[in-house]
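Written out below as structure tokens is the structure these notes cover.
The values are calculated or read from the model by the stated rules, or taken from the named source; none is laboratory data. Computed from a prediction, not measured in an experiment: that's the story for all the values here. Reconstructed Cβ throughout: ideal geometry from the backbone, glycine too, with neighbour counts over all protein chains shown. Note: areas computed on protein heavy atoms with side chains; ligands, DNA, RNA excluded. Shrake-Rupley method; radii C 1.70, N 1.55, O 1.52, S 1.80 Å.
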Amino acid sequence: MKYFSTRGDKTAVSASEAIIRGIAPDGGLYVPEEIPQFGLTMAEIAGMDYQSLAYEVLKLYLTDFTKDELLYCVKNAYGNGFDDEKLAPVIEKNGVYFLELFHGRTLAFKDMALSILPHFLTVALKKQGIDKELLILTATSGDTGKAALAGFADVPGMRIVVFYPVGGVSEVQRLQMVTQEGGNTCVVGVRGNFDDTQNGVKQIFADSALIAELAEKGVQLSSANSINIGRLVPQIVYYFYAYAQLLKNGAIKDGEKINFVVPTGNFGNILAGYYAKKMGLPVDRLICASNSNKVLYDFFKTEKYDKKREFILTVSPSMDILISSNLERLLYDLSGKDSEKIAGLMEKLNADGSYEFNTDGSGIFAEFADENETFAAIKKIHGHGYVMDTHTAVAYAAYEKYLAQNSDGTKAVIVSTASPYKFGADVLKAITSQDYSDFTPAQLFAEINKTSGVEIPEAIVGLDEKEVLHKAVCDKNEMRKFAK
Ligand SMILES: *Cc1c(COP(=O)(O)O)cnc(C)c1O
């Protein structure tokens, strides 16, 4: 399997090269030359465990990895570090299914991919005979940062710098990052929003003078953001896994089409669902759920992508994004791989802040939920004995709005992206209408424990008492200096 840039660079690269580079030299994203067909039937995967299924999906994309190398990556990523033996269990509540993707080390779905990416990189570097040190640069809206830090901490031959928007992440997310140990980790707050932070990182990747200077010092840049194909591919696995569980439990019949509802920001998670569908997974619709930063909702409704709008800080900060990077990969596919057109659109987005594109035939339906709707969804589902985090709640609320217009009886899976423990103050506020802004993380954890009956995850026990190791804060135009 070869990989090409969405923007027209004609150089074909292998999976391991694409994973090391992160982003193509022309600023485009790497895409597989063809989305492969899944070889097994649904009946065959119904009883499969996560690791075996992961291998079956990964081998179709990472074709320059040997079987042993892939099994090594899978075993190390999905061995321990998860607090549920199924890794990503499907739970039924009130007639809908929740695919819980937050049982990893940092309590958000980012762990599903970021626990395997460092192993991919280790193997890929060896395979390519690269003896440079890798510098991972990552922009985060809260969850990628911690998941990447946990994955890369003390991995030999790699260093990681995480930039997060100051004031744009939850207190628990911030504490998780700034207390990160590991001699090769660095966390920097940026005075700006997530888009500023992501742009800053993209500019560093496009800075050929800096890249040359780093190369002289034996350092090569790479990315842990979802622009890296090494993040996207592992995310395809859990769409198959959700289906396999439903089939095994008798919730669906073999071949029955289901819907997935995905709380969306950078469009990485839902794009993995789109790839899964194209590989042959029986999916009817993918419902793209946005929060009040509903640039994607407006895009799918009006066919105009327009980022020129107010950036709103919401209770679902990991979805506070106006420039959804991975949308570029969807447009590339929908346009029939017209890289010239995609390059033009991205240039227009940069210059004018908007572009137009017809998304007919994508199978993606968009909805959004504002803050009140998000809170109401948490309260309602709490009444059914289940506590959702704020991001999952956006998806649930958007799904109810979708159902009001399209109730065809198709079963739906809500892709649940974070543990309520990460966003305790807002989750509790939604349920009790009280204010929790004065509560310490430990107090919030105790309250969530009482309210949900779910044990406090090992990963965050004692978070308040940990030493803050990363205190740096910079302006958005100083990010290059920090990376250097
Ligand atoms: C990152 C994140 C999202 C958004 O996922 P994308 O792949 O960026 O669309 C949603 N919820 C949570 C909790 C996240 O961490």
Which whole-Hz couplings ³J(HN,Hα) result when phi for each residue of the range 411-416 is put into the Karplus expression 6.51 cos²θ - 1.76 cosθ + 1.60, θ = phi - 60°, listed in order with x for Gly and Pro? 6, 10, 10, 8, 7, 9
Heavy-atom accessible area per residue, the chain, 1.4 Å probe: how many Å²? 38
Cα centre as origin, Lys/Arg/Asp/Glu Cβ charges: the range 140-278 dipole, Debye: 480
Setting aside same-chain residues fewer than 8 positions from LYS466, which lysines have a Cα under 18 Å from its Cα? LYS146, LYS422
Scan around ASN259 for amide H atoms under 5 Å from its own, H built in the peptide plane at 1.01 Å from N, and keep only partners 5 or more places away or cross-chain. ASP284, ARG285, LYS411, ALA412, VAL413
Taking the Cα-to-Cβ direction at LYS380 and at ARG309 and moving 7 Å from each Cα, how far apart do the two end points lie in nm? 2.2
For the range 130-207, report the translational diffusion coefficient in µm²/s to the nearest whole number, using Stokes-Einstein at 37 °C, 0.692 mPa s, and a Kirkwood Rh over Cα pairs. 260
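Which sequence of VAL169, VAL427 reflects their accessible areas, 1.4 Å probe, from the largest down?
VAL169, VAL427
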Calculate one ³J(HN,Hα) per residue across the range 29-43 by plugging θ = phi - 60° into the Karplus curve 6.51 cos²θ - 1.76 cosθ + 1.60, and present them in order as whole Hz with x for glycine and proline. 9, 6, 10, x, 4, 8, 7, x, 8, 6, x, 9, 7, 5, 4
Sort 225-233, 277-285 for me by packing, meaning the mean count of neighbouring Cβ atoms within 10 Å per residue, highest on top. 225-233, 277-285
Mean separation of Cα contacts under 8 Å (6+ apart) over length of the range 375-484, as relative contact order %: 24
Cross-link reach list, lysines versus LYS341, counting only Cα pairs under 20 Å and skipping chain neighbours closer than eight places: LYS10, LYS304, LYS307
Quick numbers on the chain, Rg and Dmax over C-alpha atoms in Å, give 20.9, 60
Using only the Cα atoms of the range 169-303, each taken as one equal point scatterer with no solvent, compute I(q) by the Debye sum, divide by I(0), and report log10 of the ratio at q = 0.10, 0.14, 0.15, 0.17 Å⁻¹. -0.53, -0.91, -1.00, -1.13
Please identify the DSSP H helices in the chain that span no less than 24 Å along the helix axis (Cα) and have a mean Kyte-Doolittle hydropathy of -0.5 or more. 229-248
Roughly speaking, what % of Cα-Cα pairs in the range 5-147 are separated by over 24 Å, rounded to a whole number? 42
Of LYS301/LYS348; LYS277/LYS301; LYS2/LYS294, which sit over 28 Å apart, Cα to Cα? LYS2/LYS294
The range 219-376 - convex hull of alpha carbons, volume per residue in Å³: 149
State, as an integer percentage, the relative contact order of the chain based on alpha-carbon contacts under 8 Å between residues 6 or more apart. 19
Along principal axes, Cα extents of the range 91-222, largest first, whole Å: 58, 36, 26
At a 1.4 Å probe radius, carbon and sulfur cover how many percent of the accessible area of the range 194-342? 47
Kirkwood Rh and Cα Rg combined as Rg over Rh, evaluated for the range 398-484: 1.14
Residue-normalised 222 nm signal for the chain, counting each DSSP H run of n ≥ 4 as -39,500 (n - 2.57), nearest 500 deg cm²/dmol, is -12500 deg cm²/dmol
Sequence of THR106, THR122 when ordered by accessible area, the most exposed leading, probe 1.4 angstrom: THR122, THR106
With the dipole of the range 210-289 defined by +1 on each Lys or Arg Cβ and -1 on each Asp or Glu Cβ, the option from LEU214, ALA276, GLN235 whose Cα lies farthest towards the positive pole is ALA276
